[in-house]
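> Sharing a structure here in structure tokens format.
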Amino acid sequence: LERLLKVYWRPVHAYIQSSGGVNAEDARDLTQEFFIYILEEGLVSRYQREKGLFRHYLKGIVRNFLSDAARARSAQKRGGGRQILSLDAPETSAAGLLPAEGASPEEMFDRQWAADVVTQALAELRRALLREGREEIWKVYDAYELQPGAGGTYADVARALGLTEKQVKERLRSARQRLEEIITVIVSASVASRDELRQELNELFSG
């Protein structure tokens, strides 16, 4: 349950909210009910890896879940006397949800999933580098890739941080390699096989 909520709460919420016909509060309630539903029905254990990615399987379940108009429209049925999950942790809050911008629910699910993976990976990269006393590597990566107006030259970053261009390139290479390793670890926690991991990473890095 913890893994499902951490990786998929916001993608599911994004799918439901972008499907139309529900307000923000109802979308959150339906997201909570969805996770109760898949656990009570044992749908996670029914996943068959040979039929595709778990992420795609989950999107299909959300689509079927929302096709039940009575469930989607009846606030009285939500919860039905069952315990409602507590989703107040930062990783499962509504903060960080992407705007729909006319995308389909399926596209919003995938965009939110990718955004959450990268956001989580960047936070872990920063924590790891600071913990290891390698703050300079983070500063170079942050200045070159993340700061508003990023995209300056190596020389710009080198001048701002008192480094040579060669040092900037080396630190960027180190940060990117470490980030890729962290992303691999994060994604591997939500897949069932090496082949599925490879497919997910291919989709993520090609997006």
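The values are calculated or read from the model by the stated rules, or taken from the named source; none is laboratory data. Computed from a predicted structure; not experimentally measured. Positions of Cβ are generated from backbone atoms using ideal geometry, with glycine treated the same way; all protein chains shown enter the neighbour counts. Heavy atoms of the whole protein, side chains included, go into the accessibility calculation; ligands, DNA and RNA do not. Shrake-Rupley method; radii C 1.70, N 1.55, O 1.52, S 1.80 Å.
> Starting from the stretch 107-120, keep only residues that are open to solvent by less than 30 Å² (accessible area, probe 1.4 Å), then list their pairs with residues that are β-branched (V, I, T) whose Cβ atoms are within a distance under 6 Å, requiring at least 6 positions of separation or different chains.
The qualifying pairs are V117/I186.
> Ok, one more. Is it fair to say V140 is buried (at least 16 other Cβ atoms within 10 Å of the Cβ) and either of a type in the set (S, T, Y) or within 22 Å of K59 (Cβ to Cβ) (or both)?
Values: buried (at least 16 other Cβ atoms within 10 Å of the Cβ): yes; either of a type in the set (S, T, Y) or within 22 Å of K59 (Cβ to Cβ) (or both): no.
Here the answer is no, as V140 does not meet what is asked.
> Answer yes if at least one residue in the stretch 157-168 is touching a Ser or Thr at 6+ places or on another chain (Cβ under 7 Å), farther than 29 Å from L53 by Cβ and among the β-branched types (V, I, T), and no otherwise.
Taking every residue of the stretch 157-168 in turn, none turns out to be touching a Ser or Thr at 6+ places or on another chain (Cβ under 7 Å), farther than 29 Å from L53 by Cβ and among the β-branched types (V, I, T).
> Can you give me the number of residues within the stretch 1-45 that are among the β-branched types (V, I, T), open to solvent by 10 Å² or more (accessible area, probe 1.4 Å) and under 15 Å from D110 (Cβ atoms)? Step through it out loud before you land on a result.
Step one: list which residues in the stretch 1-45 are among the β-branched types (V, I, T), which gives 7, 12, 16, 22, 31, 36, 38, 44.
Still in the list and also open to solvent by 10 Å² or more (accessible area, probe 1.4 Å): 7, 22, 36, 44.
From what is left, the residues that are under 15 Å from D110 (Cβ atoms) are 7.
Qualifying residue count, the stretch 1-45: 1.
> Moving to a separate point now. Would you check if L197 is touching a Ser or Thr at 6+ places or on another chain (Cβ under 6 Å) and at negative phi? Let's see the steps before the verdict.
Values: touching a Ser or Thr at 6+ places or on another chain (Cβ under 6 Å): yes; at negative phi: yes.
Taking the combined requirement at face value, the residue satisfies it.
> Return the only residue of E136, E170, E145, E181 being among the acidic types (D, E), modelled with pLDDT under 95 and outside any loop (DSSP other than H, G, I, E, B). Before the answer, list the steps.
On the way: E136 fails: modelled with pLDDT under 95; E170 fails: modelled with pLDDT under 95; E181 fails: modelled with pLDDT under 95.
Being among the acidic types (D, E), modelled with pLDDT under 95 and outside any loop (DSSP other than H, G, I, E, B) holds for just one of E136, E170, E145, E181, which is E145.
> Taking the stretch 189-201 as the search range and keeping residues that are modelled with pLDDT under 90 and of a type in the set (S, T, N, Q), which one is surrounded by the most Cβ atoms within 10 Å (Cβ to Cβ)?
Among those that are modelled with pLDDT under 90 and of a type in the set (S, T, N, Q), it is S190.
> Which residues, counting only those in the stretch 6-51, are assigned to a helix (DSSP H, G or I) and of a type in the set (K, R)? Step through it out loud before you land on a result.
Let us first name the residues in the stretch 6-51 that are assigned to a helix (DSSP H, G or I), namely 6-18, 24-40, 49-51.
The answer is K6, R10, R28, R49, K51.
> I need a count of the residues in the stretch 184-195 that are touching a helix residue (DSSP H, G or I) at 6+ places or on another chain (Cβ under 6 Å) and assigned to a helix (DSSP H, G or I).
The total comes to 3.
> In the stretch 121-133, which residues are assigned to a helix (DSSP H, G or I) and open to solvent by 30 Å² or more (accessible area, probe 1.4 Å)?
The first filter runs over the stretch 121-133 and keeps only residues assigned to a helix (DSSP H, G or I), leaving 121-131.
Once the filter is applied, which keeps residues that are assigned to a helix (DSSP H, G or I) and open to solvent by 30 Å² or more (accessible area, probe 1.4 Å), the stretch 121-133 yields L122, A123, E124, R126, R127, L130, R131.
> Filter the stretch 152-166 for residues that are in contact (Cβ under 8 Å) with a residue 12 or more places away in the chain and not aromatic (F, W, Y); which is most open to solvent (accessible area, probe 1.4 Å)? Lay out the reasoning, then the answer.
Keep residues of the stretch 152-166 that are in contact (Cβ under 8 Å) with a residue 12 or more places away in the chain, which gives 154, 157, 160-161, 163.
Now drop any that are not not aromatic (F, W, Y), which leaves 157, 160-161, 163.
Numbers: V157: 11, A160: 85, L161: 62, L163: 27 Å².
Restricting to residues being in contact (Cβ under 8 Å) with a residue 12 or more places away in the chain and not aromatic (F, W, Y), the top hit is A160.
> Read through the list (1) more than 21 Å from L129 (Cβ to Cβ); (2) of a type in the set (A, V, I, L, M, F, W, C); (3) open to solvent by 80 Å² or more (accessible area, probe 1.4 Å), then give the number of the only condition that V185 fails.
(1)
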